[in-house]
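See below for the structure under consideration.
The values are calculated or read from the model by the stated rules, or taken from the named source; none is laboratory data. Note that this is a predicted model, so its numbers are computed, not measured. Here the Cβ positions follow ideal geometry from the backbone for every residue, glycine too, while neighbour counts run over all protein chains shown. These area figures cover heavy atoms from the full protein model, side chains too; ligands, DNA and RNA do not enter into them. Shrake-Rupley method; radii C 1.70, N 1.55, O 1.52, S 1.80 Å.
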Amino acid sequence: MSRIAYVNGRYVAHHAAMVSIEDRGYQFGDGVYEVVPIYRSTFIDADLHLARLARSLRELEIPAPMGDAALRSVLMMVARRNRVRDGIVYLQITRGVARRDHAFPARIIPSMVVTARPGPPMPTDIDGWAGGAITVPDIRWGRCDIKSVNLLPNVLAKQAARRAGVYEAILIGPADQVMEGSSTNVWIVDHDGVLRTRRLDHHILPGCTRAALAGLLAENTISFREDGFDLATLKRAREVFLTSATSLVKPITTIDGQPIGNGAVGTITAQLFGLFAAHARAQAEQEAA
Ligand code: PDD
């Protein structure tokens, strides 16, 4: 089966899908994106992703190319036409095509591209889902809350992780503060047993998986603190895990080559993975009903 992409109003063969060399996404990284997980042919937490997309566009003064209902049907069409049951849909909107000039063009016609690809199904073996991380300095800009396609520091960090043979690079900011992963949010169960993740501000991405998990914690009366922690606290934690559209709830059992806790997946991490998996299942079942 050939893959299909959506490019500016047309569904085209993936291999022939093109944007202009004058697209500002290509020239300046002047655009935003979303990655929406698909589980059993259902978008998980689509409302959260569309709300964050709208905010990213607003913050960068890029006009939305279409309303939410139309956007949803394009996403659904691309997922269906690529027969993705489990995987992701990727959406990118840029400030469009214009003669190269740093300032915004007088007339902005945003470019929009959507692709979908299959991925592994939801893991069933939590131990097999665990991975390691390294830590690297956070060299990003001051508006990491915007999901911009400007990802060079994240690319370099992830490549360092790949070279070290681990899953993720955790970004360390001023005063040794843990910011987030190169493409994930970071959570710990600290040495006193307190579940913590960094508060939201301009310096990290407000993860949709993070938000969904926070909602599940509230529903299940599991307390957590939106409270920053430093590198030493990270390394002394009983449990560390990551959240993202593709990582779900991902146990991290080593950091910079040292084991976290006893080096095994923690009980709270396993419990929260279970809660998130049930949350995804419930959305898929509701969609199917
Ligand atoms: N990344 N922090 C950063 C820097 C991210 O790039 C991401 C997502 C997250 C988690 O956000 P969410 O839970 O909404 O996926 C946190 C996506 C998956 C990516 O770039 O592929």
Kindly establish whether residue 33 is in a strand (DSSP E or B) and open to solvent by 20 Å² or more (accessible area, probe 1.4 Å). yes
From the list 87, 132, which residue is within 23 Å of residue 209 (Cβ to Cβ) and in the same structural domain as residue 204 (by TED's automatic domain parsing)? 132
Checked segment 169-185 for anything more than 9 Å from the ligand (Cβ to nearest atom) and either farther than 10 Å from residue 228 by Cβ or not assigned by TED's automatic domain parsing to the domain that holds residue 133 (or both); matches are 169, 170, 172, 174, 176
For segment 120-134, enumerate the residues that are among the β-branched types (Val, Ile, Thr) and closer than 16 Å to residue 276 by Cβ. 124, 126
Assess whether residue 192 counts as being modelled with pLDDT under 95 and either open to solvent by 30 Å² or more (accessible area, probe 1.4 Å) or farther than 17 Å from residue 148 by Cβ (or both). no
